[in-house]
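The block underneath contains the structure these notes are about, expressed in structure tokens.
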Amino acid sequence: MDKSIFFKRQKKLMLKLKQIHHWNAILFTFLALTGLILVSPEFRQWLPQVRIWVKDWHIWIGFVSILPILLYGPKLVRHLQSLRKRKANRLNLYFVLFVLIALILSGLLLTYHRSFSPRVSSAALIVHDVMTWIGVPYLIYHSITRSQWFKAKEKRRRQKLQEERPVIEKWNPIMNRRAFLRRGTGAAITVVFTPFIYQWAKPYLSTPTASRTPSPLPMTELFTPMPKPSPHSTPPIGGGRSGTFRYYSVTSMPEVNDENFSFKIDGFVHNPQSWNWKEFLDLKRNVQVSDFHCVTGWSVYDVTWEGMKLKDLLDQAEIKSDAKYVKLYSQDGVYTDTLTIDQAMREDVMVAMLMDGELIENRNGGPVRLIVPKMYAYKSVKWLNRIELIDHEHTGYWEQRGYEKDAWV
Ligand SMILES: Nc1nc2c(c(=O)[nH]1)N[C@H]1C(S)=C(S)[C@@H](COP(=O)(O)O)O[C@H]1N2
Ligand SMILES: [Mo]
């Protein structure tokens, strides 16, 4: 048999694989960068508009990144054959393919999350996160140890050692050097990434109660008197929430305490209302159990909320007939959103003060936040301190920046 044909084919295959590999590396690097911007709380505060573009780019590049995998698919068998005698390379290949496919599938589920139940997107988000925290450090390790620079360094060391010790001993110091360099690189990357991964994983590792680390100053010190929870809140009638919040804020957290607390209803109403902390505690509260869904894919289930129905507060203020929208303000001075009067009158829309029997923490939007269970949580304004009835449309914070006006889950 003419072996040269075989080698030619083999060479062509290698060339193709190399091209695919390069495209894949470039796309994955872009995805990693855009992805890291998306999870960064800093970017949420500084450049919210940019965040929305970045999200679109991330999704588009994600779609394009399916292409190298599709091109690679038909070559998989021959590639594996060529790695027959190289177990480590084969394992590496399986690992990389597994991470990429998991990222693509979970990414697709997240992109089309509206077509699936929130539980599906919660799971997809966790898979996407875990694979990112595995995939990104691996990508960096892989690109460093295969770079020309790294190889040249390895070679230099090898040459130096050979000059010093022409006889290669059985216990091979050259190979050890090489392993040492690689392991050192791996260890350095692990050290750099571990704190980030730990931060991400922390809320998942502990039970919901244990993870309730106090905010800088506990609410008990910021607010006196404290609201007395209803018997339905302690123990929570919903059994207590399941799932973990991701704490979001487009500003630094506003400092709210019993001194500077105020809550008012004004605009197109017959009886404008204004309360200080003590007066606000006297309002009649209800208890409800509901789920909380963020549009980015995570959810918290069976939260027992205690607070005032928005409807009751609006009835008390007596809406004028020319009012069309309810505008909601946050004490952070930046975040707003609106509901139509019909939406605001729903029985489950709540101005909440307690969550699972405790005053809502500052980082969760406490002491007072809105809850609109049937809509994505960007409607649920944190640090709510003013409700204005208006006669014209107003576009909320994230809606101005590209989120859909239709927030129904
Ligand atoms: N004032 C204010 N309210 C806000 C936000 C915000 O950044 N600032 N983020 C919204 C979004 S997008 C979500 S998902 C929830 C998050 O609530 P949490 O931080 O309590 O988890 O708050 C909503 N309300
Ligand atoms: Mo959100």
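Any read-out appearing in this document is the output of simple, stated calculations on the displayed coordinates, not a laboratory observation. Worth saying up front: this structure is predicted, and the values here are computed from it rather than measured. Here Cβ is always computed from backbone atoms with ideal geometry, including for glycine, and neighbour counts include all displayed protein chains.
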Please report the relative contact order for the chain, taking Cα pairs under 8 Å with a sequence separation of at least 6, and give it as a percent rounded to a whole number. 14 percent
Note on segment 3-205: the mean projected area of its alpha-carbon convex hull, in nm², is 16.0 nm²
The simple spin-label model distance between residue 279 and residue 87, using points 7 Å out along Cα→Cβ, in nm, is 7.7 nm
Under a no-solvent Debye model with one identical scatterer per Cα of segment 2-79, what's log10 I(q)/I(0) at q = 0.16 Å⁻¹? -0.67
Excluding residues fewer than 8 places away in the same chain, name every one of the lysines whose C-alpha is closer than 26 Å to that of residue 284. 228, 264, 309, 311, 320, 324, 327, 374, 379, 382
Considering the chain, what Rg and Dmax in Å follow from its alpha-carbon atoms? 28.1, 97
Could you tell me which of 34, 67, 21 has its Cα farthest along the dipole of segment 20-97 towards the positive end, charges placed at Cβ (Lys, Arg +1; Asp, Glu -1), taken about the Cα centre? 21
Convert 10 °C to kelvin, take the viscosity as 1.306 mPa s, use the Kirkwood radius over C-alpha pairs of segment 275-341 as Rh, and evaluate the Stokes-Einstein diffusion coefficient in µm²/s, rounded to a whole number. 109 µm²/s
Would segment 219-400 count as rounded, prolate or oblate if I go by the C-alpha gyration tensor, calling it rounded below 1.5 in a/c and otherwise prolate when a/b exceeds b/c, oblate otherwise? rounded
When the helix-only estimate is applied to the chain (DSSP H runs of n ≥ 4, each -39,500 (n - 2.57), divided by the residue count), what is the mean residue ellipticity at 222 nm, nearest 500 deg cm²/dmol? -16000 deg cm²/dmol
Looking at the chain, do any whole DSSP H helices span at least 30 angstrom along their long axis by alpha carbon and average 0.0 or above on Kyte-Doolittle, and which? 3-39, 87-111, 118-145, 173-205
